[in-house]
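Report on one structure; see the data block that follows.
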Amino acid sequence: MKVTVVEKKKNSVMEREEVMLLIEHERKAQPSRKELESVILAELGKKTDVVAVRKIQGMFGTPRSKVFVNVYKTAEKKAYFEPKYVLKKEEKLKEPEQGKQAGEASA
């Protein structure tokens, strides 16, 4: 997957950076949020608790997707400004990982 930063806007009122990325996924389906999260974190050099993937927009007929991401200064700002549905999507991604860890500990 190739990642290109297309646009960065600084929003000082909400203490965040609004980033638009172009993801090229050759001969594959549009990547899931979980797959994108690791690629985006590596590209931006941030931690999970301050990054929110707002929207993944596939480009019809091409192996590309636009991804809209908000990068906050603190996790508290993220929790305050991000809509609840975005935070719930992120929690669902983390739940299977926590289940696997619990299963490994009991085995």
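What follows is calculated from the coordinates using simple rules that are stated; it is not laboratory data. All figures in this text were calculated on a predicted structure; none of them were measured in a lab. Glycine gets a Cβ as well: all are built from the backbone with ideal geometry, and neighbour counts include every protein chain shown.
Numbers at a glance
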| item | result |
| --- | --- |
| Residue order, fewest to most surrounding Cβ atoms within 10 angstrom, among Tyr80, Tyr72, Tyr85 | Tyr85, Tyr80, Tyr72 |
| Least to most buried among Leu22, Leu36, Leu44 (fewest other Cβ within 10 Å first) | Leu22, Leu44, Leu36 |
| Total charge dipole magnitude, the chain, about the Cα centre, Cβ charges on Lys, Arg, Asp, Glu only, Debye to nearest 20 | 300 |
| Helical mean residue ellipticity (222 nm; -39500 (n - 2.57) per DSSP H run of 4+; nearest 500) of the chain | -12500 deg cm²/dmol |
| Descending semi-axes in Å of the chain, equivalent ellipsoid built from Cα gyration tensor | 24, 21, 11 |
| Region 2-106, relative contact order [Cα under 8 Å, separation at least 6], % | 26 |
| Contour excess over end-to-end distance, with Cα ends at Glu24 and Lys88 and 0.36 nm allotted per residue | 20.4 nm |
| Given charges at Cβ of Lys, Arg, Asp, Glu: the chain dipole, positive-most of Phe81, Gly61, Ile40 | Gly61 |
| Separation of the Glu15 and Lys2 label points, Cα + 7 Å toward Cβ, nm | 3.8 |
